[in-house]
Amino acid sequence: MATVILGNNPLISDASEELFWFTCIGLLSIYSAKYVSNKFLMGAWVFFSFGLLLDLLDELIPSEVLPILVFDTSIKNIGLILTSFVLYNVIHDERKLVEKLNFEIDKRKKLEEKLSYEANHDHLTKLGNRKSCFENFENITKTLPFLLYFDLDNFKIANDKFGHKTGDKVLVDITQSMCDSFGQNNCFRLGGDEFIAFSKAYPQDIELLRRTLLEPIFEFGVGISIGVAKAEDGLTPDEIMHLADENMYKDKAHKIIRHQSRT
């Protein structure tokens, strides 16, 4: 390119080309100096630039006058090799740093997910807790408008009689029954022995549902009271929950009356 622009004089053409590359590398070095913290890289770059300078002077000054010009190509090649070697190590170190940062980010993300899960789920049953229930209430009731409120009867008696380990098993087993009937994402543990489930339709047979839920734990003498309420427009989640809770206590009272009538 320099030959086309400057004519057929090989001396001028070679010198111009060497000057062009030396200027490019020099400007790049000056611009990059404040961003590059690796001293070895800058040293290798300077060594390479020095070789370019000697290569430029070699076109203008005889080597007899300045003997070091004999080594211009060697210095330039050594500088290029050093620059490439240091760049390789820099890239390798940066890659390890990026991998470490990605690992830390992934670790932090998993920790945040774990904390979020623990904040929204019951540790024993793995169901969503009260907080999760209210946060998802409106979205769930758009497709599952019926809320079922469950309260275990005689759970404290069974817990005291058979021990806390058995009590935990009762809670886990009743949870599994609810999940089988309504789906895990639609069931929540409010606390203690109180649970919530959302359904698309009103249960046609409450007694059948009661027997189904109690089947895995019948041996422990635990019962279950059920209250149902529908998510109506204009009612808040608290109000709907309160209605279901009231209906649950009505169900509990009717069971007591029926039990007393038999005795």
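The values are calculated or read from the model by the stated rules, or taken from the named source; none is laboratory data. Because the structure is a prediction, the values reported are computed rather than measured. With ideal geometry, Cβ positions are generated from the backbone for all residues, glycine too; neighbour counts draw on all protein chains shown. Just so you know, the surface numbers come from the protein's heavy atoms only, side chains and all, with ligands and any DNA or RNA stripped out. Shrake-Rupley method; radii C 1.70, N 1.55, O 1.52, S 1.80 Å.
Some points to look at:
- Rounded if a/c under 1.5, otherwise prolate or oblate - the stretch 101-239, Cα gyration tensor axes: oblate
- Heavy-atom accessible surface of the stretch 133-238: percent carbon and sulfur, 1.4 Å: 49 percent
- Of the residues SER16, SER199, the one with the largest accessible area comes first in the ranking SER16, SER199, computed with a 1.4 Å probe on protein heavy atoms.
- In the context of the full set of protein chains, residues of the stretch 177-229 present 46 Å² of accessible surface per residue (probe radius 1.4 Å, heavy atoms only).
- Simple spin-label estimate for PHE85 and LEU235 in nanometres, 7 Å along Cα-Cβ: 8.0 nm
- Using R0 = 45 Å, the C-beta based FRET efficiency linking TYR249 and ASN139 works out to 0.95.
- Using the Cβ-Cβ distance between CYS24 and SER74 with R0 set to 22 Å, the FRET efficiency works out to roughly 0.55.
- For LEU127, residues with placed amide H under 5 Å, excluding near neighbours: ASP122
- Globularity ratio of the stretch 73-144, using Cα Rg and 2.2 N^0.38 Å: 2.33
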